[in-house]
1. Output the number of residues of the stretch 21-36 satisfying the condition of being among the β-branched types (Val, Ile, Thr) and crowded, with 17+ Cβ neighbours inside 10 Å.
2. Counting only residues that are within 11 Å of the chain's Cα centre (by Cα) and assigned to a loop (DSSP other than H, G, I, E, B), how many does the stretch 1-36 have?
3. Specify the residue that is nearest to Tyr97 (Cα to Cα); the eligible residues are those in the stretch 61-85 that are open to solvent by 40 Å² or more (accessible area, probe 1.4 Å), modelled with pLDDT of 95 or more and in a strand (DSSP E or B).
4. Would you say Tyr97 is in contact (Cβ under 8 Å) with a residue 40 or more places away in the chain, more than 10 Å from the chain's Cα centre (by Cα) and under 19 Å from Gln1 (Cα atoms)?
5. Sort through Gln3, Gln13 and tell me the only one that's touching a strand residue (DSSP E or B) at 6+ places or on another chain (Cβ under 6 Å) and either open to solvent by 30 Å² or more (accessible area, probe 1.4 Å) or closer than 26 Å to Ser85 by Cα (or both).
6. Consider only pairs whose beta carbons are under 7 Å apart and that are at least six residues apart or on different chains; among these, list those whose first residue lies in the stretch 44-64 and is under 20 Å from Phe27 (Cβ atoms) and whose second residue is open to solvent by less than 20 Å² (accessible area, probe 1.4 Å) and in a loop (DSSP other than H, G, I, E, B).
7. I need the full set of residues from the stretch 86-113 which are of a type in the set (Phe, Trp, Tyr) and open to solvent by 10 Å² or more (accessible area, probe 1.4 Å), in order please.
8. With the condition kept exactly as written, say whether any residue in the stretch 37-57 is of a type in the set (Ser, Thr, Tyr), in a loop (DSSP other than H, G, I, E, B), open to solvent by 60 Å² or more (accessible area, probe 1.4 Å) and modelled with pLDDT under 95.
Amino acid sequence: QVQLVESGGGLVQPGGSLTLSCAASGFTVSIYGVSWYRQAPGKERELVAGISLYRGDTNYADSVKGRFTISRDNAKNTVYLRMTSLKPEDTAVYYCYVTRFDSWGQGTQVTVSS
């Protein structure tokens, strides 16, 4: 059974950093592409970053380029999202998603506020 479990969210001040984790089970992250999405209150869910299968090519939303980094640890079967220089507009619930199985995690809340 495919399962994604996010962790690492929390409250952080503007300019701060957080690293989110997405622990996968039921499939191998090095074989299937995994993405991070986010959804802010009153807004649609949007793609933040993705990492492709095999070579691990990455792509980012323009709003997070240069600040966020997606990576994976094949040994831990986990995908990470390192977020730096956080802004209040980054406040959202962050989800990981595996396209091949159309499966979402439960989400983790990130709040950027002073």
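1. 2
2. Looking only at that region, the number is 2.
3. Tyr80
4. Judged against the criteria, Tyr97 is not a match.
5. None of the others qualify; the one that does is Gln3.
6. Between residues of the stretch 44-64 that are under 20 Å from Phe27 (Cβ atoms) and residues that are open to solvent by less than 20 Å² (accessible area, probe 1.4 Å) and in a loop (DSSP other than H, G, I, E, B), the close pairs are Ala49/Val64.
7. Tyr95, Tyr97, Phe101, Trp104
8. Yes - at least one qualifying residue is present in the stretch 37-57.
The values are calculated or read from the model by the stated rules, or taken from the named source; none is laboratory data. Bear in mind that the values here come from a model prediction, so they are computed numbers and not experimental data. All Cβ positions, glycine included, derive from the backbone under ideal geometry; neighbour counts span all protein chains shown. Just so you know, the surface numbers come from the protein's heavy atoms only, side chains and all, with ligands and any DNA or RNA stripped out. Shrake-Rupley method; radii C 1.70, N 1.55, O 1.52, S 1.80 Å.
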